[in-house]
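Novice: The structure that follows is given in the form of structure tokens.
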Amino acid sequence: MEDLPWARVRAPDFIGIKAWINSKPLKMEELRGKVVLVDFWTYSCINCIRTLPYLKKWHGKYADKGLVIVGVHAPEFQFEGEKGNVEEAVKKFGIEYPVALDSDMRTWAAYDNHYWPAKFLIDRDGYIAFAHFGEGDYTLTEKMIQEALGVKSNFEKEEFPGYIFDQSHETYAGYGKSMGLGSGLACDKNGCDVYIDPGEHEPNVIYPHGEWAQEEEYLELKKTPGQLTYRFNAREVYIVMGPVDKAAGAEVFIDGKKAGRLTIDSPRMYIAYQDKKYSQKEISIVFDGKVRIYAFTFG
């Protein structure tokens, strides 16, 4: 979080916006006299998704008191920049406030932002009064909203996610941000395209098995079946993935026991495992259709 009472920095305008959802195009100058909360988010980010209930409640409580929330959708992956995908997500999440498609990240850059989610509170005169990065501190953020509006109200109940220090971290599958894959490649005269799972797994590493191709943003399964294994410490496992050409199925195994089945029908975040308690386990997913795997995230 960052309280900025001394920094009279004029809020940048919305620039490079590809489209607006739930609103006509907005400009900061036209919003003078309003309090504006700019929320940078992207629809397959679990941290952003967990923030949405608070934003929706603030919109309901304060819109008629002068608050304008603008969700600036800045994609982490290429598929998140497509208008149809964002429109579907906005509808799914029940978002009614304006959403700006910042698919080229120009407004993101204007704010010198580096995080999903990130919130910038802009006062009635158009200056940034407060900023917060990441999840949490919802009571503090709502307090700053009330101060900017000059109103008082009960605060929304803040649910604490309860992280532990050694929770598994976000792990990217594409070579652009990957820290390395755990499996080795088998090579023949046709090339090196088959990954062999070594059988023993270090924590927080993706182990592919089968014919996969590692691209900049994702691992793509080229021939079915294919398998991914990951040893984690968390309560929940999320996977950002999508089908290559048509819907694909996947069997989920936890510590070798079948735990469920997924249907991958669109590029988004999928819940692969949930429990009430933190634990160290191993998840294996066997895919019977071609998929692209972007990242593992945890809660």
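The values are calculated or read from the model by the stated rules, or taken from the named source; none is laboratory data. In this text the structure is predicted, and so the values were computed from the model without any measurement. As a convention, Cβ positions derive from the backbone with ideal geometry for all residues, glycine included, and neighbour counts pool all protein chains shown.
Novice: Could you check Gln78 against (1) crowded, with 19+ Cβ neighbours inside 10 Å; (2) within 30 Å of Glu170 (Cα to Cα) and say which number it fails?
Specialist: It fails just one condition, (1).
Novice: Going by the structure shown, is Asn113 at pLDDT 95 or above, touching a Pro at 6+ places or on another chain (Cβ under 8 Å), within 29 Å of Lys177 (Cα to Cα) and not aliphatic (A, V, I, L, M)?
Specialist: no
Novice: Which residues, taken from the range 260-299, are more than 22 Å from Arg235 (Cβ to Cβ) and aromatic (Phe, Trp, Tyr)?
Specialist: Once the filter is applied, which keeps residues that are more than 22 Å from Arg235 (Cβ to Cβ) and aromatic (Phe, Trp, Tyr), the range 260-299 yields only Phe287.
Novice: Does Arg32 qualify as being at pLDDT below 95, among the basic types (Lys, Arg) and within 10 Å of Gly126 (Cβ to Cβ)?
Specialist: Here the answer is no, as Arg32 does not meet what is asked.
Novice: Looking only at the range 81-105, filter to residues that are surrounded by 19 or more Cβ atoms within 10 Å (Cβ to Cβ) and not hydrophobic (A, V, I, L, M, F, W, C); which one of those is farthest from Asp13 (Cα to Cα)?
Specialist: Asn85
Novice: Let me ask another. Being more than 15 Å from Gly71 (Cβ to Cβ) and of a type in the set (S, T, N, Q) is the filter here; which residues of the range 100-153 pass it?
Specialist: Scanning the range 100-153 gives Thr139, Gln146, Ser153.
Novice: Also, quick follow-up: Please determine whether any residue of the range 33-48 is exposed (fewer than 14 other Cβ atoms within 10 Å of the Cβ) and at negative phi.
Specialist: no
Novice: Can you list the helices (runs of 4 or more DSSP H) found entirely within the range 41-118 that contain at least 2 residues being small (Gly, Ala, Ser)?
Specialist: In the range 41-118, 83-93, 106-110 are the helices (runs of 4 or more DSSP H) which contain 2 or more residues that are small (Gly, Ala, Ser).
Novice: For the range 279-299, name all the residues that are within 30 Å of Phe165 (Cβ to Cβ), crowded, with 16+ Cβ neighbours inside 10 Å and touching a residue at least 60 places away in the same chain (Cβ under 8 Å).
Specialist: Within the range 279-299, Ile293, Tyr294, Ala295, Phe296, Thr297, Phe298, Gly299 meet the criteria.
Novice: Residue check, Thr51 against (1) over 17 Å from the mean Cα position of the chain (by Cα); (2) polar (S, T, N, Q); (3) surrounded by 15 or more Cβ atoms within 10 Å (Cβ to Cβ), all met but one. Which one?
Specialist: So the condition that Thr51 fails would be (1).
Novice: Which residues, taken from the range 185-197, are touching a residue at least 12 places away in the same chain (Cβ under 8 Å), of a type outside the set (Asp, Glu) and over 21 Å from Val252 (Cβ atoms)?
Specialist: Val194, Ile196
Novice: Separate question: Which strands (runs of 3 or more DSSP E) sit wholly inside the range 169-274 and have at least 1 residues that are buried (at least 20 other Cβ atoms within 10 Å of the Cβ)?
Specialist: Here the list reads 191-196, 207-214, 219-243, 248-254, 257-264.
Novice: Please work out which residue is nearest to Tyr172 (Cα to Cα), limiting yourself to the range 204-259 and to residues that are of a type in the set (Asp, Glu) and free of Cβ contacts under 8 Å to residues at least 40 places away in the same chain. Give the derivation first.
Specialist: Going residue by residue through the range 204-259, those that are of a type in the set (Asp, Glu) are 211, 215-217, 220, 236, 245, 251, 255.
Next, from what is left, pick out any that are free of Cβ contacts under 8 Å to residues at least 40 places away in the same chain: 211, 251, 255.
Values: Glu211: 18, Glu251: 21, Asp255: 22 Å.
Step by step, filter the range 204-259, then rank; the result is Glu211.
This table checks each residue for (1) closer than 27 Å to Gln167 by Cα; (2) β-branched (Val, Ile, Thr); (3) at pLDDT 95 or above.
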| site | (1), (2), (3) |
| --- | --- |
| Asp193 | no, no, no |
| Asp197 | yes, no, yes |
| Asn204 | yes, no, yes |
| His209 | yes, no, yes |
| Glu216 | yes, no, yes |
| Leu219 | yes, no, yes |
| Thr224 | no, yes, yes |
| Thr229 | yes, yes, yes |
| Phe232 | yes, no, yes |
